[in-house]
1. Can you give the % of DSSP beta bridges in the chain that are antiparallel, to the nearest 5?
2. Can you list the HN-Hα couplings for the stretch 104-112, worked out from phi with the Karplus curve (6.51, -1.76, 1.60; θ = phi - 60°), rounded to whole Hz and with x for Gly and Pro?
3. Return the Rg/Rh value of the stretch 75-196, two decimal places, where both radii are evaluated on C-alpha atoms and Rh is the Kirkwood radius.
4. What percent do you get for the relative contact order of the chain when only Cα pairs under 8 Å and 6+ apart count?
5. From largest to smallest, what semi-axes in whole angstrom does the stretch 42-93 give when each is the square root of 5 times an eigenvalue of its alpha carbon gyration tensor?
6. Looking at the square roots a ≥ b ≥ c of the eigenvalues of the Cα gyration tensor of the stretch 158-216, which shape do they give, rounded for a/c under 1.5, prolate if a/b is larger than b/c, or oblate?
7. For the stretch 214-310, count all C-alpha to C-alpha pairs, find those more than 16 Å apart, and express that count as a whole percent of the total.
8. Rg to Rh for the stretch 1-51: what is it, with Cα atoms only and Rh by Kirkwood?
Amino acid sequence: MDTFNFVRYTPRGRLDGTVPVGPAVADTVSRFHRGLPGYEPTPLVELSALASKLGLGALYVKDESKRFGLNAFKALGGSYAIGTYLCGRLGIPADENAFARLRSPEAREKLGELTFVTATDGNHGRGVAWSARLLGHRSVVYMPKGTAPERLDNILAQGADASITDMVYDDAVRHAAAMAAEHGWILVQDTAWPGYEDIPARIMQGYTTMAQEAADALDRPPTHLFLQAGVGSMAGAVAGYFAGRYGAERPLTVVVEPDSADCHYRTAKADDGSLHAAAGPMDSMMAGLCCGEPCTLSWDILSACADGFIACGDKYSADGMRLLARPCGADAPIVSGESGAVTTGVAAAIMTEERLAPVKEALGMDETSRVLCISTEGDTDRANYRKVVYGE
């Protein structure tokens, strides 16, 4: 539970890579998102009292529990991937008018009813199902064993044909790909492999809207950026955006994942030019981060602009959940789930745990640091949230 593994990393390679995720792309993506029903920027919450208590100059948390009423950020990627795919089929631009045009009778007549398929730990599948339903198409969602029933119910509520399998996440991904090939469905997966890169790239680009919102809400760039990783698509998109926007002034970027699904930490530690999968059961309560294989596209970006990798136990997620739910002083509370709160828990631990003093020094964190974390989800498993935060 108290595991905390850290490796300082020296970025290498070129940021331009294979997936553009900088400000120019974000401008295009955000225009598309502004056309979606219910779109508005999610809050960037400044936790001044907590920052002072921890010995930081500032601490900001972007609250993605407010995204489209879906309690997580993932719909940004799924909606953009599905929307641009359909726009491509119709030969229309993916701009602020695209959503309305995709819902028109003319579009439906040309496209018919399509089926989008994915594998998910919860939030991504919910976003795909939501996007498909809004656009008048079907979705099929496969979930790994051990998935909380509430997460399945949330996807079923969006009209998906969804089920919990007896497979681990990475095998569920392979199953979804096989079903897509067998039935002629469109695979909308937020990880990539050789031969399957276009839609994962669009999903990553979808996440740049979130990064742009956060940067626009700040009066100056953060000094430190903490990003959680499952397959790494969100981390790669946000890290790449901040690096592209700020150049030499980009924040020092730290990637955080569960110790039982530590593929990025393993890859950074080996530093041998190969991707390294996590081994053994992925039994962390951070279900959205329990992915054993890094996304090839996102690693290309992270290897060029990430400065540290942390693999930690569930304790740090639980600590973050409680810190955000029970704010200091006049700070606003944030409902943050297991995968959403871990970066706040980790940043707090670095500043307060004596055994992590070498990590604090390596990252240069002190009273002048301005830290940005993203709470990627709310209480998507309410029973576990109440247990962790309130002891129920």
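1. Details: 10 of 40 bridges.
If I count the DSSP bridges inside the chain, around 25 percent turn out antiparallel.
2. 6, x, 5, 5, 5, 5, 6, 8, x
3. Details: Rg = 14.1 Å, Rh = 14.5 Å.
When Rh is taken as the Kirkwood radius, the ratio is 0.97.
4. On the way: 887 pairs, mean separation 96.2, N = 392.
Rounded, it is 25 percent for the chain.
5. Numbers: eigenvalues 279, 23, 10 Å².
Square roots of five times the eigenvalues give 37, 11, 7 Å.
6. Details: a/c = 2.21, a/b = 1.75, b/c = 1.26.
Here the stretch 158-216 falls in the prolate category.
7. Numbers: 2401 of 4656 pairs.
Summing the P(r) of the stretch 214-310 above 16 Å gives 52 percent of all pairs.
8. On the way: Rg = 18.1 Å, Rh = 15.9 Å.
Taking Rg over the Kirkwood Rh, I get 1.14.
Computed from the coordinates by the stated procedures, all read-outs in this text should not be read as laboratory data. Just so you know, these numbers come straight off a predicted model, no measurement behind them. Note that each Cβ is placed from the backbone with ideal geometry, even for glycine, and that neighbours are counted across all protein chains shown.
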